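K.L.:
Could you have a look at this structure, given as structure tokens, before my questions?
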Amino acid sequence: MNLLMQTSAWPALRSKAIQLSRVHLRNFFEQDKGRFARFSARYDGWLLDYSKQRIDDETVTLLIALARELDLASGIRALAAGEEINFTERRAALHMAMRGRDGGSHSEVVRDCRAALEHWVRQIRNRELLGATGQTITHVINLGIGGSDLGPRLAMEALEPQVDGPVVKFVANLDPAALHLALRDCKPAHTVFIISSKSFTTQETLANAKAAMEWLADGLGSAAVGQHLFAVTNRPAAAQELGVPAQRCLFLPEWVGGRYSVWSSISLPLACAIGMQAFGEMLDGARAMDEHFTSAPLDRNLPVLFGLVDFWNASGLGLETLAVLPYSHLLRSLPAYLQQLEMESNGKRCTSTGDLSRVPTSPVVWGGSGIVGQHAYHQQLYQGTRMMPMHFIVSRGGDDERSRMVQLNALAQSAALMRGKTRDEAMEELRNAGLSEQEATRLAPHVACPGNQPSTTVLMPPVSPRALGQLIALYEHKVFVQGWLLGINSFDQYGVEYGKQMARALASGRLPADADASTRGLFAAIDGDQG
Ligand code: F6P
């Protein structure tokens, strides 16, 4: 039986969930003027407001008690100390070391990785790196997918104002259109490819690398290809076998998970774009959040509180989704990044005891740019039939009045979605708009909004390398907290390996003997067989 079920806090939380199901969030605020003060936490210019969540004092007390019963503090210590927290693959998960001041027990590897990164970034940004024909390198194309793409891609977008290096592009999709479109304005003599793959077995990336190498060979001759290649991988021998020169293979330690690797040389494309100083500031921000996470008391620890409330929503209340709504154009790719971080980390069902989880684990994470979403899917948030928790990510700063409007929109949306609009209020509104009593009565049910939608608002400093590092680390640790409480391993991903196996079988051209009729039918129809 998994450990969660053996705690004394869990049954109490289950009872709490039933008791709270009868309370509307609006009532919490009407009856308790101190709610915001008690259910918000601050650290280094950050404010976590979880007062619009479906909690009361007893709930928070029980969640903290649950964290203590499950010895979360020891889990945090084990994570930071590099213990085999990834208990299925018997590995550490030391993304914190990659941004550590001294890298801790792995300081030599961290130092060597950082030195190699700095060397090539300097070579490329100073235009000292020349191609096979003696031309400077003006275009850097990253070939990678998942954690070998999403982190640097997010950071490139978020830190666009700091970009002052070569043209950097990201190609993740195997669809030939992705690489083709990226290469439209590139010339082989001025272009290098970074083959980013921790395993160096990811079919999408290797197939794109092959196509890129053919493009280089067509333009420069086969002998020149190696001079236009880099690799970031845990398997440099495999990269060299493909044709990447040894000195251009940057090492990615096995104890850095793919979705936790933005702090490593996987960010070579990012560092080429923004420079090592800005990348260093990003590492500094993450390290600051690490120091907070590993030292602050549980009840004043932003990643812990953030994780406890999300655990409560998904696993205690059984709310199936989580919308991440960044009210910042620069953070528009944050939802996509978090889909991997959250769902590949905690989208599992087997716990550390080998038992299946008795509670729901990761929610379905979705979202998009906060302002734009108001004109797309917010309607369902207002009047749909599901309770849908949200994160509003709001960055301070901006001297343009539109920045203020963006910030106030976030506050208005979270307030309106929490409060709702009763049918009587809708009637009053329609009467005041001049409608007849009959017409107001007819429309009121369509205008009323149930409200009661829970949200956490993260008020962060203006987007900068340091603030971005803090934000990503905040979420990494939040995800760890949820995984720890659930007793699942947030650092393996056996599920996706199965999908890769099936894809390889079909790609071989021979259908598995037990292939289902749908797959057989589709396989035949793809090539135009109308059956
Ligand atoms: O999606 C499975 C996965 O292994 C991710 O965990 C990883 O980030 C991605 O594929 C790419 O893997 P690699 O960096 O080994 O190519």
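K.L.:
Please list, by residue number, everything in region 126-153 whose backbone N is under 17 Å from a paramagnetic label point 7 Å out along Cα→Cβ of residue 119.
P.N.:
Answer for this model: 126-130.
K.L.:
Return a whole-number percent for the relative contact order of region 95-279, with Cα pairs under 8 Å and 6 or more residues apart as the contact set.
P.N.:
Relative contact order for region 95-279 comes out at 30 percent.
K.L.:
Using packing as a proxy for protection, rank 76-83, 428-435 so that the peptide with the highest average count of other Cβ atoms within 10 Å comes first.
P.N.:
Taking the mean over residues of other Cβ atoms within 10 Å, the ranking is 76-83, 428-435.
K.L.:
Counting only helical runs of four or more DSSP H residues, what would the 222 nm mean residue ellipticity of the chain come to if each run contributes -39,500 (n - 2.57) and the total is spread over all its residues?
P.N.:
-15000 deg cm²/dmol
K.L.:
Could you work out the relative contact order of region 1-150, using alpha carbon pairs under 8 angstrom and six or more residues apart, expressed as a whole percent?
P.N.:
Reported as a whole number, the value is 13 percent.
K.L.:
If packing is taken as the mean number of other Cβ atoms within 10 Å per residue, what is the order of 449-457, 304-312, 271-279, highest first?
P.N.:
Sorting 449-457, 304-312, 271-279 by mean packing, highest first, produces 304-312, 271-279, 449-457.
K.L.:
Using a 1.4 Å probe on the protein heavy atoms, what percent of the accessible area of the chain belongs to carbon and sulfur?
P.N.:
53
K.L.:
Taking the Cα-to-Cβ direction at residue 329 and at residue 385 and moving 7 Å from each Cα, how far apart do the two end points lie in nm?
P.N.:
Reported label-point gap for residue 329 and residue 385 is 3.9 nm.
K.L.:
What are the ³J(HN,Hα) values, in whole Hz, obtained from phi via the Karplus relation 6.51 cos²θ - 1.76 cosθ + 1.60 with θ = phi - 60°, for each residue of region 164-180 in sequence order, with x given for Gly and Pro?
P.N.:
After applying 6.51 cos²θ - 1.76 cosθ + 1.60, I find 9, x, x, 5, 10, 10, 10, 10, 10, 6, 6, 3, x, 4, 5, 5, 4 Hz.
K.L.:
Here's a follow-up. Excluding residues fewer than 8 places away in the same chain, name every one of the aspartates and glutamates whose C-alpha is closer than 14 Å to that of residue 16.
P.N.:
56, 57, 58
K.L.:
Short version: ³J(HN,Hα) in whole Hz for each residue of region 86-100, in order, from phi by Karplus 6.51 cos²θ - 1.76 cosθ + 1.60 (θ = phi - 60°), x for Gly and Pro, what are they?
P.N.:
Coupling constants for region 86-100: 7, 6, 7, 8, 6, 10, 7, 10, 10, 4, 5, 5, 5, 10, x Hz.
K.L.:
Rounded to the nearest 0.05, what FRET efficiency do residue 377 and residue 32 give with R0 = 30 Å and r taken as the Cβ-Cβ distance? Could you check?
P.N.:
0.45
K.L.:
Please identify the chymotrypsin sites (Phe, Trp or Tyr not before Pro) of region 31-139 that satisfy two criteria: DSSP loop assignment and at most 16 other Cβ atoms within 10 Å. Which are they?
P.N.:
Filter output for region 31-139: 87.
K.L.:
Stretch residue 83-residue 352 to full length: gain in nm at 0.36 nm per residue minus the Cα-Cα span?
P.N.:
95.3 nm
K.L.:
So what J values fall out for region 146-153 if you push phi through Karplus, 6.51 cos²θ - 1.76 cosθ + 1.60 with θ = phi - 60°, rounded to Hz, Gly and Pro as x?
P.N.:
Whole-Hz 3J(HN,Hα) from phi for region 146-153: x, x, 8, 9, 5, x, x, 5.
K.L.:
So how tilted is helix 517-526 from the main axis of the chain? Cα-based, degrees 0 to 90, rounded to 10.
P.N.:
50
K.L.:
Relative contact order, percent, of the chain when contacts are C-alpha pairs under 8 Å separated by at least 6 residues?
P.N.:
For the chain, the relative contact order is 19 percent.
K.L.:
Give the lysines whose C-alpha is closer than 23 Å to that of residue 500, dropping any in the same chain fewer than 8 places away, or say none.
P.N.:
Filter leaves 198, 210, 348.
K.L.:
Based on the mean of other Cβ atoms within 10 Å per residue, sort peptides 458-466, 504-512 so the most packed one is first.
P.N.:
458-466, 504-512
The values are calculated or read from the model by the stated rules, or taken from the named source; none is laboratory data. For clarity, every value in this text was computed on a predicted model and none was experimentally measured. As a convention, Cβ positions derive from the backbone with ideal geometry for all residues, glycine included, and neighbour counts pool all protein chains shown. Each accessible area value is taken on the protein alone, full model and side chains, heavy atoms only, with ligands, DNA and RNA left out. Shrake-Rupley method; radii C 1.70, N 1.55, O 1.52, S 1.80 Å.
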